[in-house]
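Reviewing the structure listed below.
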Amino acid sequence: MPDQLTPAAQTRSHWTPAKQRTFLTALVETGSIARAARAAGMSRSSAHALRNRLAGTPFDHHWAHALKLHAARLADPFVPDPLAPRGSAKTGRAPVVPQSRQ
């Protein structure tokens, strides 16, 4: 049999739209290309190869934006989370509850 991939192996070895979404979501959360690629079931090197292949496309722009969002979330944890739904004041931290004076 020639070097043919099984359907399961083909799915693992290709960046599907679902894997790209998973990668970008994890990239916002972690800021780590390696962790985001693992979350999508892919390697860090294949993620970089995909970005190079898709330079200038929406995927490339979303990658850059995901890293900016991650950095913004780290820069000031008390600023409202840019990913929170509009009208939400979610900061990503537990609310500070004032202690009563006795």
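Quick note: the coordinates plus some simple rules give every number you see, no bench work behind them. Please read all numbers here as calculations on a predicted model, not as lab measurements. All Cβ positions, glycine included, derive from the backbone under ideal geometry; neighbour counts span all protein chains shown.
Label zone of GLU29 (point 7 Å out along Cα→Cβ, amide N under 20 Å): in the range 53-69 this covers 62-69.
Take the Cα of ALA55, step 7 Å toward its Cβ, do the same at ASP76, and the gap between the two points is 3.5 nm. Subtracting the Cα-Cα distance of ARG38 and HIS62 from their residue separation scaled by 0.36 nm leaves 6.8 nm.
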